[in-house]
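Following: one structure in structure tokens, then a few remarks.
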Amino acid sequence: MVEIIIDEVVTWLKNEGNLKNFLTRIEIQGNLKPRLHNVIASFVPTTFNPDDERHLSEFFETNEIDNDSIVKMCWVKPIERC
């Protein structure tokens, strides 16, 4: 197991050709498995809809987050209970 902590290396390895060449050179078989983490955001306006593409686009742009860095977004509890 190898943990890569440099963003540029991870980005480079995400290219299938680069990953294949890297693994061939070090003579092992393997794959790139991303780590997923749960994050809870406080004070999110109840008007935010995680199913609305416009809201998501604004969220990513405002927070300078790559679109592919968040796999799933949902409310912790039903909005009716807020």
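Values quoted throughout were computed directly from the atomic coordinates according to the rules given, and no laboratory measurement underlies them. Please read these numbers as outputs of a predicted model, since none were measured by experiment. Quick reminder, even Gly has a Cβ in these numbers, built from the backbone with ideal geometry, and neighbours come from all protein chains shown.
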Check: Could you work out the helix-only [θ] at 222 nm for the chain, with each DSSP H run of four or more residues adding -39,500 (n - 2.57) and the total divided by the number of residues, to the nearest 500 deg cm²/dmol?
Finding: -9500 deg cm²/dmol
Notebook entry, point to check: Taking the highest mean first, how do the peptides 70-81, 36-47 order by number of other beta carbon atoms within 10 angstrom per residue?
Noted result: 70-81, 36-47
Note to self: Angle check, please: helix 16-25 long axis (alpha carbons) against the longest principal axis of the chain (alpha carbons), in degrees 0 to 90, nearest 10.
What the structure shows: 40
Checklist line | Compactness relative to 2.2 N^0.38 Å, alpha carbon Rg of region 36-82 | finding: 1.16
Check: HN-Hα J couplings of region 34-42 from phi, Karplus 6.51/-1.76/1.60, θ = phi - 60°, integer Hz, Gly and Pro as x?
Finding: x, 8, 10, 10, 7, 10, 10, 9, 8
Notebook entry, point to check: For helix 53-62, what angle does its Cα long axis make with the longest principal axis of the chain, in degrees from 0 to 90 and rounded to 10?
Noted result: 70
Margin query: Here are labelled values, [x] 6.2; [y] 7.4; [z] 9.1, and one is the computed mean projected area of the Cα convex hull in nm² for what I pasted. Which one?
Written below: [y]
